[in-house]
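Notes follow once the structure below has been shown.
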Amino acid sequence: MTTINLFGKTLKNPVIAASGTFGFGREYQKYMDLSALGGISSKGLTWDKRAGNSGQRIFETASGMMNSIGLQNPSVLGFIKEELPFMLGLDTYILANLGGSTTEDYVRGVAELDATAVDAIELNISCPNVKEGGMAFGIRCLDAKSIVEAVRPFTTKPLIVKLSPNAEDIKAMAYTCAQAGADGLSLVNTFNALAIDIMTRKPVFHNVTAGLSGPCIKPIALRMVRDVALTVDIPIIGLGGITCWQDVIEFIMAGSTAIQVGTANFYDPVVMKKIILGIENFMQKEGIKDLEEIRGIIR
Amino acid sequence: MTTINLFGKTLKNPVIAASGTFGFGREYQKYMDLSALGGISSKGLTWDKRAGNSGQRIFETASGMMNSIGLQNPSVLGFIKEELPFMLGLDTYILANLGGSTTEDYVRGVAELDATAVDAIELNISCPNVKEGGMAFGIRCLDAKSIVEAVRPFTTKPLIVKLSPNAEDIKAMAYTCAQAGADGLSLVNTFNALAIDIMTRKPVFHNVTAGLSGPCIKPIALRMVRDVALTVDIPIIGLGGITCWQDVIEFIMAGSTAIQVGTANFYDPVVMKKIILGIENFMQKEGIKDLEEIRGIIR
Amino acid sequence: MEAYRKVIVLENTQLTSDMYEMKVELADLPQPGQFYMLRAWAGVPYLPRPFSVCDADGKSLSFLYQKTGKGTEIMAQMRSGDHIDILGPLGKGYPLKEGNVAIIGGGVGIAPLLYLAKNLEGPVDVYLGFKQEAFFIERFKPHVRQIFISTENGSWGHKGFVTELLTDSYDAAYACGNMLMMKAVKDKIDGLLYLSLESHMACGIGACLGCVQKTAQGQLCVCKDGPVFESREVLFDDY
Amino acid sequence: MEAYRKVIVLENTQLTSDMYEMKVELADLPQPGQFYMLRAWAGVPYLPRPFSVCDADGKSLSFLYQKTGKGTEIMAQMRSGDHIDILGPLGKGYPLKEGNVAIIGGGVGIAPLLYLAKNLEGPVDVYLGFKQEAFFIERFKPHVRQIFISTENGSWGHKGFVTELLTDSYDAAYACGNMLMMKAVKDKIDGLLYLSLESHMACGIGACLGCVQKTAQGQLCVCKDGPVFESREVLFDDY
Ligand SMILES: Cc1cc2nc3c(=O)[nH]c(=O)nc-3n(C[C@H](O)[C@H](O)[C@H](O)COP(=O)(O)OP(=O)(O)OC[C@H]3O[C@@H](n4cnc5c(N)ncnc54)[C@H](O)[C@@H]3O)c2cc1C
Ligand SMILES: Cc1cc2nc3c(=O)[nH]c(=O)nc-3n(C[C@H](O)[C@H](O)[C@H](O)COP(=O)(O)OP(=O)(O)OC[C@H]3O[C@@H](n4cnc5c(N)ncnc54)[C@H](O)[C@@H]3O)c2cc1C
Ligand SMILES: Cc1cc2nc3c(=O)[nH]c(=O)nc-3n(C[C@H](O)[C@H](O)[C@H](O)COP(=O)(O)O)c2cc1C
Ligand SMILES: Cc1cc2nc3c(=O)[nH]c(=O)nc-3n(C[C@H](O)[C@H](O)[C@H](O)COP(=O)(O)O)c2cc1C
Ligand code: FES
Ligand code: FES
């Protein structure tokens, strides 16, 4: 039985599509039965509709990729109207991933999403804090605390805070978010990274830096998941470079309750189907009845 | 002319062998003329001779590797007696890489190395501070400050502090070390990472976590080098995942005066020879007379 | 359900110093202008790469590709009997118009145009621009009325850009090449003109939003909403 | 100056469900027990992999390898005519002793032993232990006096471990296999015994200190100071 319990609900399996790599699910319909997934996290939403960044948005690195999409999205209300009905029609756990550059935007977004049937809200705190000079909310504990505390009163849904690996101290960050009212944590988001076009002598991306994801970051992400699992008691959704079922088992052994698959969906649109099958087979062979048996066994 | 000026000395080129990946140079004699290199950083030294870690020491990851060598080395005095004469016989810039778990060990090591003919001392502050509960000196600014200030009076040689990418705030760390008396900075050391053997349900390494290096970390390392270059005015030696001359040009454009090549030496023992040639060709084609022309042009 | 398919390489031929044609065993009959994501690796590179359909006969499919980086270098080394993973056909192809038609291709941009020429009814004139080495010209001959050729160094045909030969006298026109050339074509052709755009892609299916193009209708995905767009739709402000 | 050399694969043959032999064109005549670093990739995997010399005739070199992971999977897919990068010969091989000699190999650990058997003068007895499928036995026949075989499932020869057949009646003995088997051999043989050890390697040349083995003389590098060690030197405390 690959089922897991997340905030009192049963997920068919621990495999959730990561935000920004799966759109709102539609595009992958041709490739798999979406209801077979543990869950789907929506493309990152913001209060206002965003066109995203200009210039090149994708760049490949050794076993990874950098992206500078810039949260192109139809806005929270656009999502609720245009995309959510489709997602709710699927028999899977739906996370609404929410970003923002001001506290007000986060609060408005959470309040609106609270009134919908999404299963959980995933707070992306890697967005730049426009009021405080552009450093992301997810770097320093105090900034994260202020956001989590601000939105907490506006929803009774499970509130998952998605941590940035660029945080100064990932353990302190996890502890702070839990104290501030997070019901769960997901980690990691992308690593801040740089690529330079040596011929034009310019950064590849208009924004200079961009977010690194994919297999290359897995060993660091896995370390961070263990660090956080040893620090807090709330459920952890682990991610970062997962490409196969073996990776998933590692993330669960490091302390994840569920996991997300991001960049690997681009490598193979049916990768999650294969991963779920692999987990099933592994559990059978190893006589594991419930993934809880192995969760966090790496202390 | 690939020559560069580092602390008043002329290096033939900006390519330095990274500590721990090149032994004391001897093993690579068969593969290249060591005097063609810009420089060599010695295997990490400690005051006491160390046998290093037990168990598996090497594990491969996507476009990278993890190592848990544990600073196996013949001690500072053993190095001075057995290895340094060979290194000084080469016509290249010699850095003595020094680690330690107590302030006293760092001070004693620096004092001894100061009395030798090494060209510079590279202070590795990624070692665990045994007195303060095992967190590395390189994570928090105050710890790093205390070490740099403690050793500074004991040498008139160029003192390079090698920064850890695990630092809470790499810019603040760079600024702190420069203020505390560092003549230069090298970055990055390895990323703290985890690998799990899912069949034995144990970490791959006895020490649980280990250091990640190789091409996978390059985009993050490059971003950190630019961050630091925009923060301090002292020379920067950039490294992390460099495998080809294009990577070197990127690191120079991001603000490095010199660079180091680590893991790539294991992929190809003559890789630095190829890199130097590549830099030469690039400079010729692009009409670059001095690498200073392109250093730090990515602002 | 669709997925990557493992197909056999039948032929992989070098045409010029850096141009290759790879023929794979596949019974698809895609629309001209559609593309496939190709993958012959699983690490470095990591992501698949998009390639237009250059030819198809119901039994095999051809890709014309230029060796420009790591992925295409690996492809260039493949031999018949090797396997390659392939996803597609993807995207929206060229609408097939009747009447006098012009096809304009620059360099590797001619890749989707042969299969297009084969599928068009009306009299087709082809304009092919190259840097130095011309290629694929014989392959167009049976399917077209006239061929205009230019090379930048004058080694074949007109010396200069192929757009200099182009006249605005067609019922419809189709172009593929780099953005600067497409802009030049757009400036010449007032009538119906379809452009096949390029962009850096990760997923190829509309999920990553990495490949967007500014259009009159907002940001569209080159992979899902394109790669073919009506020229009036395309906003060239980044170029 | 030495460096990785690009060599041509002459043959790549599957011997059992997971054992393969790859023959490459190379005129080296290494010492028995030496190894090469092999590399048929440039990304994932990244590092080269060590393989013992299994056979050599002055024109070609053979490697016997087991498909166990990503690197050996790529190797298993190679075909004659492909290229592979190779560094070596590396390390210290087996000292060749005279007199009655025993050779003991377990599974893929028999890789370096055929070339050793060919190079030994005295009467050679070979002990080969397998899990289920035996292989390579015919290849040993011309070069040895007697062959003892065991399989863990009893499908060929003695059922159990090959060390159960071994007697301590030789002037010298040579072993290669997993650490548990080597320990069992060491417990049986009081006289001169050489063991070929394995370790996870990065550089293969003594620079990374990744492959160390505890010995009576301290930590030694399996790649540079070994892979062959006199059994009395080896401290087995990690096993
Ligand atoms: C819809 C579409 C159809 C295409 N059809 C063809 C075709 O038929 N034949 C052909 O040769 N090429 C075609 N391309 C371009 C082709 O995808 C790139 O040349 C290829 O991805 C380069 O891969 P690489 O690994 O060899 O190069 P890389 O090492 O990835 O990069 C080498 C160079 O190619 C550029 N590049 C990389 N990816 C892309 C991309 N997706 N689009 C444009 N430029 C890119 C890089 O900026 C760089 O300058 C098409 C692109 C698109 C979007
Ligand atoms: C001196 C020496 C000689 C060797 N000779 C042979 C030989 O002749 N034939 C042969 O089949 N194998 C030999 N090996 C082992 C061989 O190097 C590994 O099987 C190979 O590196 C596995 O690579 P992979 O990418 O397929 O597996 P990976 O995906 O890297 O790992 C698969 C499995 O192999 C193990 N492994 C990986 N690297 C090593 C290593 N360096 N040493 C031991 N185990 C490892 C891993 O722990 C894992 O269980 C030798 C090893 C050494 C040190
Ligand atoms: C193209 C792309 C877009 C992304 N967009 C978002 C987003 O909108 N919100 C978010 O929280 N994370 C976003 N991410 C981060 C992923 O959800 C994930 O945290 C990260 O990629 C690491 O996982 P991976 O290595 O499996 O991809 C995006 C990642 C990619 C590659
Ligand atoms: C096997 C190994 C041993 C290392 N030992 C040391 C060391 O003793 N001292 C040190 O400062 N850095 C050490 N490093 C770190 C490297 O010098 C370098 O900072 C790091 O590997 C990143 O560069 P790379 O990606 O080019 O390898 C070691 C790295 C490796 C892979
Ligand atoms: S390539 Fe992903 S949306 Fe077009
Ligand atoms: S493999 Fe690097 S020292 Fe032996």
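Observations on the structure shown:
- Debye, to nearest 20: dipole size of region B:229-299, +1 on Lys, Arg Cβ, -1 on Asp, Glu Cβ: 100
- Summarising the amide proton neighbourhood of A:HIS206: residues at separation of 5 or more, or on other chains, whose placed amide H is nearer than 5 Å comprise A:GLN56.
- Mean Cβ neighbour count within 10 Å, used as a protection proxy, ranking B:152-162, B:289-299 highest first: B:152-162, B:289-299
- Amide hydrogen neighbours beyond the local backbone of D:ASP55, cut-off 5 Å, H modeled: D:SER62
- Here region D:125-223 was treated as a single set of alpha-carbon atoms; its pair distances binned every 10 Å from 0 give 15, 37, 30, 18, 1 percent.
- Toward the positive end of the charge dipole of region B:127-262, with +1 on the Cβ of Lys and Arg and -1 on the Cβ of Asp and Glu, the farthest Cα among B:PRO165, B:ILE236, B:ALA182 is that of B:PRO165.
- Using a Förster distance of 35 Å, the FRET efficiency for A:LYS289-C:GLU25 (Cβ separation, nearest 0.05): 0.20
- Total charge dipole magnitude, chain C, about the Cα centre, Cβ charges on Lys, Arg, Asp, Glu only, Debye to nearest 20: 360
- ³J(HN,Hα), Karplus 6.51/-1.76/1.60, whole Hz, each residue of region B:289-299, x for Gly, Pro: 8, 9, 4, 4, 4, 10, 5, x, 6, 8, 8
- Distance-filtered residues of region C:70-106 - backbone nitrogen under 19 Å, label point 7 angstrom along C:ASP171 Cα→Cβ: C:94-104
- Projecting the Cα positions of D:LEU165, B:VAL110, B:ILE69 onto the charge dipole of the protein assembly as shown (unit charges on Cβ atoms of Lys, Arg, Asp and Glu, taken about the Cα centre) puts B:VAL110 furthest along the positive direction.
- Comparing C:TYR46, C:TYR36, C:TYR94 in a Gaussian network model of chain C where C-alpha atoms under 10 Å apart are linked, the largest mean-square fluctuation is found at C:TYR46.
- Charged-residue dipole, Cβ positions (Lys, Arg, Asp, Glu), region C:75-190 about Cα centre, Debye nearest 20: 120
- Of the trypsin sites (Lys or Arg not before Pro) in region C:122-212, the ones in a loop by DSSP (not H, G, I, E or B) with at most 15 other beta carbons within 10 Å are C:LYS131, C:ARG145.
- Inter-part distance where region D:1-38 and region D:84-99 are each reduced to a Cα centre, Å: 13
- 0 to 90° range, to nearest 10: angle between helix C:179-188 axis and chain C longest Cα axis: 30
- Across A:LYS43/C:LYS70; B:LYS12/C:LYS67; D:LYS6/D:LYS183; C:LYS92/D:LYS70; C:LYS6/D:LYS67; B:LYS289/C:LYS70, pairs whose alpha-carbon gap is larger than 26 Å: A:LYS43/C:LYS70; B:LYS12/C:LYS67; D:LYS6/D:LYS183; C:LYS92/D:LYS70; B:LYS289/C:LYS70
- Between the amide H of B:ASN13 and those of B:ILE4, B:GLY38, distances stay under 5 Å, these residues lying 5 or more places away or on another chain, with hydrogens modeled in the peptide plane.
- Size descriptors for chain D (Cα atoms only): Rg and Dmax, in that order, 17.0, 50 Å.
- Cα-derived Rg to Rh of the protein assembly as shown, Kirkwood definition: 0.98
- Leading residue at positive end of dipole, chain C (Cβ point charges), from C:GLY122, C:LEU64, C:VAL144: C:LEU64
- For region B:149-164 versus region B:22-38, the gap between their alpha-carbon centres in whole angstrom: 26
- Under 17 Å from the C:GLU152 label point (7 Å along Cα→beta-carbon), backbone N, region C:94-136: C:105-110, C:128-135
- Distance between region D:184-239 and region B:227-299 - C-alpha centres, whole angstrom: 39
- Derived value for region B:108-236: Kirkwood hydrodynamic radius 15.6 Å. Basis is the mean of 1/r over every pair of different alpha-carbon atoms.
- Listed by chain and number, the aspartates and glutamates whose alpha-carbon sits under 17 Å from that of D:LYS224, ignoring those within fewer than 8 places in the same chain, are B:GLU27, B:ASP268, D:GLU2, D:GLU198, D:GLU233.
- Number of Lys-Lys pairs in region A:107-206 with C-alpha atoms under 20 Å apart and a separation of 8 or more places or on different chains: 5.
- Taking Lys and Arg as +1 and Asp and Glu as -1, the other residues whose beta-carbon sits under 9 Å from that of D:TYR65 total +1.
- Under 17 Å from B:LYS218, Cα to Cα: aspartates and glutamates that are on another chain or at least 8 residues apart: A:GLU60, A:ASP197, B:GLU60, B:ASP227, B:ASP247, B:GLU250
- Once exposed loop GluC sites (Glu not before Pro) are cut out (DSSP; at most 12 other Cβ, 10 Å), longest piece of chain D: D:122-239
- Hydrodynamic radius (Kirkwood) for region C:5-90, which is based on Cα pairs only, to one decimal in Å: 12.7
- If you run the Gaussian network model on chain C, springs between alpha carbon atoms under 10 Å, then out of C:ALA172, C:ALA56, C:ALA42 the most flexible one is C:ALA42.
- Phi angles across region C:7-23 convert, under the Karplus curve 6.51 cos²θ - 1.76 cosθ + 1.60 with θ = phi - 60°, into 3J(HN,Hα) values of 10, 8, 6, 8, 9, 8, 10, 7, 9, 9, 4, 9, 9, 9, 10, 10, 10 Hz, Gly and Pro given as x.
Where a number appears in this text, it was derived from the coordinates with a stated rule and is not lab data. As the structure is a computational prediction, the values presented were derived from the model and not from experiment. Methodologically, a virtual Cβ is constructed for each residue, glycine included, from the backbone with ideal geometry; neighbour enumeration extends over all protein chains shown.
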